[in-house]
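What follows is a set of notes on a single structure, which appears directly below.
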Amino acid sequence: MDHFHYRNRELYCEEARVADIAERFGTPVFVYSKNTIVRNLKTLNEAFAPLDPLVCYSVKANSNLGILKLVAELGDGFDVVSGGELARVLRSGGVAEKTVFAGVGKTDSEIASALQAGVLMFNVESEEELAAIDRVATTLGMVAPVALRVNPDVDPKTHRYISTGKKESKFGMDIDRSLRLAEQATGMAGISMIGMHMHIRSQITTVEPYAHAADKGVEIIGKLRAMGHPIRWYNMGGGFGIAYRGGESKSIEAFAEEIVPRLKPLGCRMAMEPGRVVVGNAGILVSRVIYKKKSGDKRFLIQDAAMNDLIRPSLYEAFHKIWPVRMEEGGPDLPENFESEIPGTETWDVVGPVCESGDFLAKDRHLPEVHNQDLLATFSAGAYGMVMASNYNTRPRAAEVLVDGSEVQLVRRRETFEDLIGPELVALES
Ligand code: LLP
């Protein structure tokens, strides 16, 4: 499982013992494997090499500066959706020229600062937004490079909250509307339409939606060029799925095999915005069991990570593998996949201390015997984990560490109570 593996029945991240990390930095703690991220980015670049790709890592998946710095050092680009994310990229050594700016609600000031920073292009999501970009660029005496975000109207077979490529979506524009807008854009002095953008949805596990989108994309680019737009970029968005259970997603190479030959004749450079596939399986969330409890027929394992640390199970009913950091002698090994019954296990709801019945990391989950104070690893927590964390119940957010071989670097310290109340402006006697 990537660079997380058991040795002598103990979980390691690369060459670092996870139990040592938990001892040193406390729990809950996110542990990231640097070499998994490096490998994933390399695989993406190699698989799409015939399209001269620019991999724009999607910052929303995990925006820790330590990870952004690593991506920047490898020479890859970024996909940002706010002025804040752009500031993170620039602060960590990333360059604006390799950064695409997406998002449905860019404000004038975000547009102006992205233009001045020199972003590669804006992904435009509506008529009004294009008009705003034209206006801001003209005022600044600049020309804004843009890509229209088109919805290929591919039917999502994913959770409804993470699907975006349908016609009736908040994101992008349907094909007819996009083409009408592209006509209008030919007369806009502040706009240079250099690309087309399509992001279908997230956690796509099969090749068909991409094949379908690419076919439509080729057709649309032909029409945009016929209007006189100098389209040089095909931005395929993100969305490559990962294995949460084991083996359920196609590999990056399999996606490329389908996409590359379809786009090669266009003579465009390929931009892509992968997030989950870069960092998802490069991270785990480590927690400690506090109590075990029975209620009716249910057994609850109460541990110190909660929905405020990893909200995906509560919000999307997402599945994350959970397994003890130390496997007992004679107990079951971490299964290859969680599709079937696992001998030697008991069924638990893994929950946190937050006061919501929706606070769980797993329901009816098979786990080997676990004792109070044991450490648990929740896998595939590198993407949309810490970035979606909150301080609900006045819980300080977890620490984050980045592991490189046997080196363990704290890339975000655990928050303190003072961090949490710092912005509150009330005179109190201390
Ligand atoms: N590009 C655009 C325009 C996007 O909207 C997204 C994700 C990405 C790229 C990156 O997608 P990825 O490669 O990571 O699938 N919080 C949800 C996922 C939300 C995805 C939002 N957009 C989750 O935890 O599953």
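Miscellaneous remarks
- Per-region count, segment 267-287, residues touching a Pro at 6+ places or on another chain (Cβ under 6 Å) and at pLDDT below 95: 0
- Only one of the numbered conditions (1) closer than 22 Å to Glu129 by Cβ; (2) within 16 Å of the ligand (Cβ to nearest atom) is violated by Ala243, and that is (1).
- Filtered residues of segment 311-329 (kept if aromatic (Phe, Trp, Tyr) and under 17 Å from the mean Cα position of the chain (by Cα)): Tyr316, Phe319
- Consider segment 247-305 and keep the residues that are among the aromatic types (Phe, Trp, Tyr) and open to solvent by 10 Å² or more (accessible area, probe 1.4 Å). The one that is farthest from the ligand (Cβ to nearest atom) is Tyr291.
- Of the residues making up segment 280-303, those that are touching a Lys or Arg at 6+ places or on another chain (Cβ under 9 Å) and farther than 30 Å from Val38 by Cα are Lys292, Lys293, Arg299, Phe300, Leu301, Ile302, Gln303.
- Listed by position, the strands (runs of 3 or more DSSP E) contained in segment 331-399 that have at least 2 residues being open to solvent by 60 Å² or more (accessible area, probe 1.4 Å) are 360-367.
- If you go through segment 191-215 and keep only what is assigned to a helix (DSSP H, G or I) and either buried (at least 24 other Cβ atoms within 10 Å of the Cβ) or not assigned by TED's automatic domain parsing to the domain that holds Val143 (or both), you end up with Tyr210, Ala213.
- Ser295 being of a type outside the set (A, V, I, L, M, F, W, C), under 30 Å from Ala22 (Cα atoms) and at pLDDT 95 or above: no
- First in segment 364-384 and touching a residue at least 24 places away in the same chain (Cβ under 8 Å), second anywhere and within 16 Å of the ligand (Cβ to nearest atom) and open to solvent by 20 Å² or more (accessible area, probe 1.4 Å), Cβ under 6 Å, 6 or more apart: Ser380/Asn281
- The set of residues in segment 304-330 being farther than 22 Å from Ala389 by Cα, in contact with a Lys or Arg (Cβ under 8 Å, 6 or more places away or on another chain) and in a strand (DSSP E or B) consists of Arg326 alone.
- Residue check for Glu128: under 15 Å from Ala185 (Cα atoms), out of contact with any Asp or Glu (no Cβ under 8 Å at 6 or more places or on another chain) and either in the same structural domain as Gly217 (by TED's automatic domain parsing) or open to solvent by 10 Å² or more (accessible area, probe 1.4 Å) (or both): yes
The values are calculated or read from the model by the stated rules, or taken from the named source; none is laboratory data. Quick caveat, the model's predicted, so the values are computed rather than measured. For neighbour counting, all protein chains shown are included, and Cβ atoms are generated from backbone atoms with ideal geometry for every residue, glycine included. Ligands, DNA and RNA are excluded from the accessible area calculation, which covers all protein heavy atoms including side chains. Shrake-Rupley method; radii C 1.70, N 1.55, O 1.52, S 1.80 Å.
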